[in-house]
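The values are calculated or read from the model by the stated rules, or taken from the named source; none is laboratory data. Because the structure is a prediction, the values reported are computed rather than measured. As a convention, Cβ positions derive from the backbone with ideal geometry for all residues, glycine included, and neighbour counts pool all protein chains shown.
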Amino acid sequence: MAKKSTIQTEKVNTHIVEWLKEYANNAKVNGFVIGISGGVDSAVTSTLCAQTGLKVLCVEMPIHQAESQVSRGREHIEQLKKRFPNVTDVQTDLTATFEAFKSAVPKTDDEAKVNLALANTRARIRMTSLYYLAGIHGLLVAGTGNKVEDFGVGFYTKYGDGGVDLSPIADLMKSDVYALGEFLQIPQSILTAAPTDGLFGDNRTDEDQLGASYDELEWAMLAAESGNTVADFEGREKSVFEIYKRLNTSNKHKMDPIPVCLIPKTLK
């Protein structure tokens with residue numbers, strides 16, 4: 001099911017960097033702020049932003065974070081700072097803020113719903129922190145979502161990691177992001193790590209949550225775009241296609257514009 005990336009990495013790299021520079025210059029801002037997770041998407045995005053020569057602020061925002069995620073993120077930041085003098089970093093430990101939120105909100109007996117709501121809360125606290133830093137430094141919040149996450153299965157938090165000013169890699173499939181990551185020479189520890197959103201304070205992977213790998217979901221997204229239906233497949237392919245269609249449908253509220261109730265002119 002895997003689709004090997006066919007992008008022209010050097011040309012794509014140049015295209016995105018020029019796009020970032022033009023957007024920032026038109027917006028009259030100093031550069032970009034990016035949350036660093038220890039994953040490939042944020043590593044690639046921050047490297048692309050660094051190549052603009054504009055100010056890039058990399059932010060670590062641990063909340064009961066697994067040590068492996070923290071160490072990968074720090075490895076990337078240190079590498080990036082050595083390569084690009086325009087890159088700086090800051091760590092904002094949000095664990096106490098998260099715990100204060102938990103103690104302030106009402107409790108419920110539905111543990112599954114509580115755990116999911118708190119996972120999304122982590123992402124929203126981080127988004128608030130990024131916009132605070134963006135505001136005081138005159139920066140844009142750079143999104144790190146790829147095409148499968150942002151437009152395929154909606155695997156992000158609404159008003160969390162989905163709350164950004166611009167999305168440099170959102171037209172790239174996950175396989176494309178990995179290809180670009182290799183070209184950009186991001187740390188091997190990141191390229192080989194299992195993708196995880198890190199929102200649950202444990203080592204569960206994105207595949208554990210989604211029920212399919214990114215290679216499989218990328219295949220399903222392309223199949224759906226080609227007009228295929230579940231009836232066209234059997235076995236694992238059928239299961240993956242069903243997973244993709246279910247997630248794509250249930251997360252439309254994230255991917256579509258916010259619905260507006262239009263008032264008829266006759267009532268105004």
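When you check Asp161 against the structure, is it of a type in the set (Asp, Glu), in contact with a helix residue (DSSP H, G or I) (Cβ under 9 Å, 6 or more places away or on another chain), under 22 Å from Val90 (Cβ atoms) and buried (at least 22 other Cβ atoms within 10 Å of the Cβ), yes or no? First the steps, then the outcome.
Numbers: of a type in the set (Asp, Glu): yes; in contact with a helix residue (DSSP H, G or I) (Cβ under 9 Å, 6 or more places away or on another chain): yes; under 22 Å from Val90 (Cβ atoms): yes; buried (at least 22 other Cβ atoms within 10 Å of the Cβ): yes.
Yes.
Only residues that are more than 19 Å from the chain's Cα centre (by Cα), of a type in the set (A, V, I, L, M) and not in a helix (DSSP H, G or I) were counted across the range 4-62, and they come to 3.
Could you tell me whether the range 6-25 includes any residue that is in contact with a strand residue (DSSP E or B) (Cβ under 7 Å, 6 or more places away or on another chain) and aliphatic (A, V, I, L, M)? Within the range 6-25 (the criterion being in contact with a strand residue (DSSP E or B) (Cβ under 7 Å, 6 or more places away or on another chain) and aliphatic (A, V, I, L, M)), the answer is yes, since at least one residue qualifies.
Leu130 satisfies every condition listed in (1) over 13 Å from Gly198 (Cβ atoms); (2) crowded, with 22+ Cβ neighbours inside 10 Å; (3) in contact (Cβ under 8 Å) with a residue 60 or more places away in the chain; (4) in contact with a Ser or Thr (Cβ under 6 Å, 6 or more places away or on another chain) except (4). Screening Ile77 on (1) in a strand (DSSP E or B); (2) touching a Cys at 6+ places or on another chain (Cβ under 7 Å); (3) in contact (Cβ under 8 Å) with a residue 40 or more places away in the chain shows it passes everything except condition (1). Filtering the range 44-93 to residues that are in contact with a strand residue (DSSP E or B) (Cβ under 6 Å, 6 or more places away or on another chain) and of a type in the set (Lys, Arg) leaves Lys55, Lys81. Within the range 160-212, the residues that satisfy the criterion of being free of Cβ contacts under 8 Å to residues at least 40 places away in the same chain, more than 16 Å from the chain's Cα centre (by Cα) and farther than 13 Å from Val40 by Cα are Arg204, Asp208, Gly211, Ala212. Looking only at the range 181-199, residues that are assigned to a loop (DSSP other than H, G, I, E, B) and of a type in the set (Ser, Thr, Tyr) come to 2 in all. Residues in the range 200-222 that are touching a Ser or Thr at 6+ places or on another chain (Cβ under 6 Å), assigned to a helix (DSSP H, G or I) and polar (S, T, N, Q): there are none. When each of Val114, Val141 is tested for being farther than 26 Å from Ser213 by Cβ, surrounded by fewer than 17 Cβ atoms within 10 Å (Cβ to Cβ), out of contact with any His (no Cβ under 6 Å at 6 or more places or on another chain) and among the hydrophobic types (A, V, I, L, M, F, W, C), the lone residue that passes is Val114.
Each row is one residue, and each column tells you yes or no for (1) of a type in the set (Phe, Trp, Tyr); (2) free of Cβ contacts under 8 Å to residues at least 12 places away in the same chain; (3) touching a Pro at 6+ places or on another chain (Cβ under 9 Å); (4) crowded, with 24+ Cβ neighbours inside 10 Å.
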site: Ile16; (1), (2), (3), (4): no, no, yes, no
site: Trp19; (1), (2), (3), (4): yes, no, yes, no
site: Ala24; (1), (2), (3), (4): no, no, no, no
site: Ile34; (1), (2), (3), (4): no, no, no, yes
site: Gly38; (1), (2), (3), (4): no, no, no, yes
site: Cys49; (1), (2), (3), (4): no, no, yes, yes
site: Leu54; (1), (2), (3), (4): no, no, no, no
site: Ser68; (1), (2), (3), (4): no, no, no, no
site: Ser71; (1), (2), (3), (4): no, no, no, no
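When the residues of the range 80-91 are filtered to those that are in a helix (DSSP H, G or I) and in contact (Cβ under 8 Å) with a residue 24 or more places away in the chain, the one that is surrounded by the most Cβ atoms within 10 Å (Cβ to Cβ) is Leu80. Taken together, the criteria exclude Asp176 from residues that are modelled with pLDDT under 95 and either in a helix (DSSP H, G or I) or hydroxyl-bearing (Ser, Thr, Tyr) (or both).
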